[in-house]
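Structure first, then comments.
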Amino acid sequence: MEKEDRRYQRTRQAIQDAMWQLMQEKDFGQISVGEIAKRANINRVTFYRHYEDKYAWLNSCIQELLQELFDMGITVLPLSDTQDVELIFLNVCNHFDQNYELYSVLLQNEGINLVRKQFKKVVYATPTENIPPVEELSPEEQMKHYYVLSAVAGTMEWWILNNRPIAPKTLAQKLVAIHRSLP
C-alpha cells in the first residue's frame, strides 16, 4: 500500500511539474493533455486516472494553494474586531510572497478566474463561531464581505502581476491601515 501511495504521489508531482513548466511556456488554453503526459513522462490514461481533465488539475492546484492560506488561520472576511488583523494580513502577504512564482503563472494564464472563484469558495466555506454562513447575513453584511474579499484579492493580484513592488510586510501594513479606515 505504501509503495502505491508513493507512486501515486510521484505521478501527481510529475503532472504538476509538467503543468507549471508548460504554463510558463504557453497559455493554459493551448496546453493539451497529450503534452502534459509527454512532459510528465506518463501515459494519457495515467493523467486521466488522476484528473478528469486539465481544468480539474488547475482547480485542484488552486484549491490546495488557497487551502494552505486558510489553514494558517485566515477565516471569513471581513475581519472581525476580535481577530488579530495585522497578523492575518501579514500571513496573507507572506503566503502570496512565498508562492509568488505559482500565483504569477496562474494569474498570467486562464487560471485567474479560477483563482478568484476558489478564493471566494474557500473563504465562504469556512464559517466561524462569531460569523454565520454568508447566506444568513443581511444584504448589507454580505456586501461588506464581498467588498473586503474583492479588495484583498484584487490587491494581491495587482501585487503579483506587478512583480511585488513593495515588501510583503509593507503591503500588509498598508492593507491594515486601509481596513481600519473603513467604517
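The values are calculated or read from the model by the stated rules, or taken from the named source; none is laboratory data. Computed from a prediction, not measured in an experiment: that's the story for all the values here. We place every Cβ from the backbone using ideal geometry, glycine too, and count neighbours over all the protein chains shown. All accessible areas refer to the heavy atoms of the entire protein, side chains included, with ligands and DNA or RNA removed. Shrake-Rupley method; radii C 1.70, N 1.55, O 1.52, S 1.80 Å.
Determine the pairs where a residue that is under 12 Å from MET19 (Cβ atoms), located within the range 51-67, has a partner that is part of a helix (DSSP H, G or I) and aromatic (Phe, Trp, Tyr) with Cβ atoms under 6 Å apart, the partner being 6 or more residues away or on another chain.
TYR51/TRP57
Being open to solvent by 60 Å² or more (accessible area, probe 1.4 Å), without any contact (Cβ under 8 Å) to a residue 40 or more places away in the chain and either under 20 Å from LEU65 (Cβ atoms) or touching a Phe, Trp or Tyr at 6+ places or on another chain (Cβ under 9 Å) (or both) is the filter here; which residues of the range 11-26 pass it?
The answer is GLN13, ASP17, GLN21.
Give just the number: which of (1) within 18 Å of SER60 (Cα to Cα); (2) open to solvent by less than 90 Å² (accessible area, probe 1.4 Å) does GLY34 not satisfy?
With (1) within 18 Å of SER60 (Cα to Cα); (2) open to solvent by less than 90 Å² (accessible area, probe 1.4 Å) applied to GLY34, the lone miss is (1).
Here are some residues: GLU35, GLU64, GLU68, GLU110. Which one is modelled with pLDDT of 70 or more and over 10 Å from the mean Cα position of the chain (by Cα)?
The unique qualifying residue is GLU35.
Pick out the one residue from GLN83, GLN173, GLN98, GLN142 that is farther than 27 Å from TRP20 by Cβ, open to solvent by 30 Å² or more (accessible area, probe 1.4 Å) and modelled with pLDDT of 85 or more.
Only one candidate passes the filter, namely GLN173.
I'd like the full set of residues that are within 23 Å of LYS117 (Cβ to Cβ) and either aliphatic (A, V, I, L, M) or touching a residue at least 40 places away in the same chain (Cβ under 8 Å) (or both), limited to the range 152-183.
VAL152, ALA153, MET156, GLU157, TRP159, ILE160, LEU161, LEU175
Scan (1) assigned to a helix (DSSP H, G or I); (2) open to solvent by less than 60 Å² (accessible area, probe 1.4 Å); (3) at pLDDT 90 or above; (4) not charged (D, E, K, R) for the single condition GLY29 breaks and write down its number.
It fails just one condition, (3).
I'm checking my understanding of the structure. Among residues of the range 37-63 that are buried (at least 19 other Cβ atoms within 10 Å of the Cβ) and of a type in the set (A, V, I, L, M, F, W, C), which one is farthest from TYR8 (Cα to Cα)?
That would be ILE62.
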